[in-house]
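The values are calculated or read from the model by the stated rules, or taken from the named source; none is laboratory data. Since the model is a prediction, treat every value here as computed from it, not as a measurement. Here Cβ is always computed from backbone atoms with ideal geometry, including for glycine, and neighbour counts include all displayed protein chains. For accessibility, only protein heavy atoms count, side chains too; no ligands or nucleic acids. Shrake-Rupley method; radii C 1.70, N 1.55, O 1.52, S 1.80 Å.
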Amino acid sequence: MSTPAFPELPAGFRFGAATAAYQIEGVHDEDGHGPSIRTAFSHTPGRTFAGATGDTTCDPYHRYGEDIALLRGLGVDGYRFSIAWPRLLPGGTGPVDPKGLDFYDRLIDDLLAVGVAPAVTLYHRDLPQALEDRGGWRVRQTAEAFARYASLAAERYGDRVERWITLSEPSCSAFVGYAEGRHAPGAEGGRGALAAAHHLLVAHGLAVRELRAAGAQEVGITLDLDRIHLASALPEDRAALRRARVLHNELWTEPLLAGRYPAHEAETWAGLADGPWRLPGDLELIGAPLDFLGVNFYRPVTFAAAPHREADPDMRTAVDIGVTELDRYRTRRTTMGWPVVPDALTELLRELHARYPRLPPVWITGNGSAEDDTVGLDGRVHDTARITYLADHLAAVADAISAGVDVRGYYVWSLRDDFDGARGHRQRFGLVHVDHDTLTRTPKDSYHWYRGLITAHRAQAEDPAG
């Protein structure tokens with residue numbers, strides 16, 4: 001199979017790579033690092049594939065110099081990583097761990113030394129366990145604690161961080177963690193999950209306020225948004241589509257980008273929707289202007305109407321909204337089972353652009369492909385399918401830009417293979433293969449392709465004529 005051509009993107013478009021703390025750092029109990037909900041979840045028997053934990057994973061805490069070299073070799077403009085809240089504040093509040101502060105100081109300084117701009121995510125689903133024990137995201141006090149943590153991080157690192165992301169994939173935190181139970185903390189709730197969703201938004205708003213006060217350069221949030229397709233023209237399927245859009249997208253985009261709650265949330269959750277967790281002034285706080293919107297995208301979905309799993313509305317989880325996902329895509333699938341439909345990314349970006357006049361510049365902050373990667377006898381990883389995936393999705397971004405969407409850059413998920421929550425080490429998304437026994441790093445063919453793309457793009461920007 002021939003190597004895909006490099007997609008054409010405008011001058012000034014920037015390229016990066018992304019990771020997240022618990023999925024790569026390991027050493028969850030070293031140098032004062034406090035326990036998190038992800039630690040507790042992965043250490044609970046039966047929660048993860050083959051009993052895997054994030055105790056070691058890629059260990060950049062001790063080997064981050066190797067990863068700095070990989071980033072430099074890749075030639076990326078930026079590196080998106082998350083700070084582990086319990087590494088700075090082991091109890092979520094209270095005493096600060098100086099060794100944790102120093103670790104991210106060194107990482108940021110070394111990134112800047114090789115010309116890679118740090119993009120910091122403050123929260124990627126690793127809530128300090130001490131806060132979960134007091135209610136977690138179900139209670140407002142957690143949002144207030146997050147604001148204090150954001151202030152600490154901004155004060156320490158704000159002079160060197162190019163881009164701040166308050167939350168990464170809050171939908172996954174609220175619903176996969178507090179309603180489906182597939183991710184930490186493993187809860188299956190209705191009102192609790194909806195309260196968690198709202199308090200995550202409040203936490204974002206409070207953090208934006210703290211970051212602005214500290215003089216942060218660019219402040220935004222990353223949402224995991226789905227391009228949702230209509231199953232049929234039947235009235236019941238149209239209603240199911242409305243509910244799915246509320247659950248997957250509009251619960252987040254409407255308050256953040258339009259200053260309102262979703263129009264169909266009562267239809268989606270009946271009496272669970274408008275709970276006492278919403279306070280006067282919350283919409284204004286949540287909807288403060290953003291410098292950018294981060295979008296994570298991996299696949300489209302098609303939903304149709306289906307019976308509720310629980311007949312009593314008061315007993316339903318927040319994801320029991322009377323829909324079912326249909327397998328309608330006749331295309332290649334990644335090892336996650338996700339259909340590869342690049343045009344759906346263009347559709348999603350155009351839909352956001354059309355719906356929200358206040359849409360800020362967009363960054364694709366997470367996009368990539370899980371593949372069955374192995375190191376061959378030649379010492380290389382020939383991941384042609386991932387290269388095609390990346391080329392086609394970057395071409396979809398280019399199409400969205402041509403249609404008028406202001407997309408500024410792209411962070412590939414992920415720099416290296418990591419620990420993927422309940423799936424353990426089973427799924428490999430990285431441009432760099434990691435042997436999870438020896439921690440040996442091996443750049444895959446996709447690493448070299450991405451480097452070639454970045455090099456060609458810069459050369460074209462410097463000499464548009466030739």
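Here are the numbers for the structure shown:
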item	result
Distance from the range 373-443 to the range 100-156 (C-alpha centre basis), Å	25 Å
Residue-wise HN-Hα coupling along the range 432-449, computed from phi with Karplus coefficients 6.51, -1.76, 1.60 (Hz; x: Gly, Pro)	10, 6, 10, 7, 6, 8, 9, 6, 5, 9, 10, x, 7, 4, 5, 4, 5, 5
Under Karplus coefficients 6.51, -1.76 and 1.60, residue-wise ³J(HN,Hα) of the range 326-336 in Hz, glycine/proline x	9, 8, 10, 9, 9, 8, 4, 10, 6, 5, 6
Cβ-Cβ FRET estimate between Trp338 and Ala311, R0 fixed at 25 Å, reported to 0.05	0.20
Carbon/sulfur fraction of accessible area - the chain, other protein chains in place, 1.4 Å, %	51 percent
Under-5 Å amide H pairs with Ser36, H placed in peptide plane, nonlocal only	Gln129
Backbone HN-Hα couplings from phi across the range 202-208 [Karplus 6.51/-1.76/1.60, Hz, Gly and Pro as x]	4, 4, 4, x, 5, 5, 4
Percent RCO, i.e. relative contact order, over the range 98-235, from Cα pairs under 8 Å lying at least 6 residues apart	29 percent
Residues whose placed amide H lies under 5 Å from that of Tyr411, excluding near-sequence neighbours	Gly16, Ile364, Thr365, Gly366
Relative packing of peptides 113-125, 66-78 - highest average C-beta neighbours within 10 Å first	113-125, 66-78
Expected 222 nm ellipticity per residue - DSSP helices of 4 or more, -39500 (n - 2.57), all of the chain, to 500	-11000 deg cm²/dmol
For Thr121, distant residues with modelled amide H under 5 Å away	Phe81, Ser82, Ile83, Ile165
Length-normalised contact order for the chain - Cα pairs under 8 Å, 6+ apart - percent	19 percent
Estimated FRET transfer efficiency (Arg209, Arg134; beta-carbon r; R0 30 Å; 0.05)	0.85
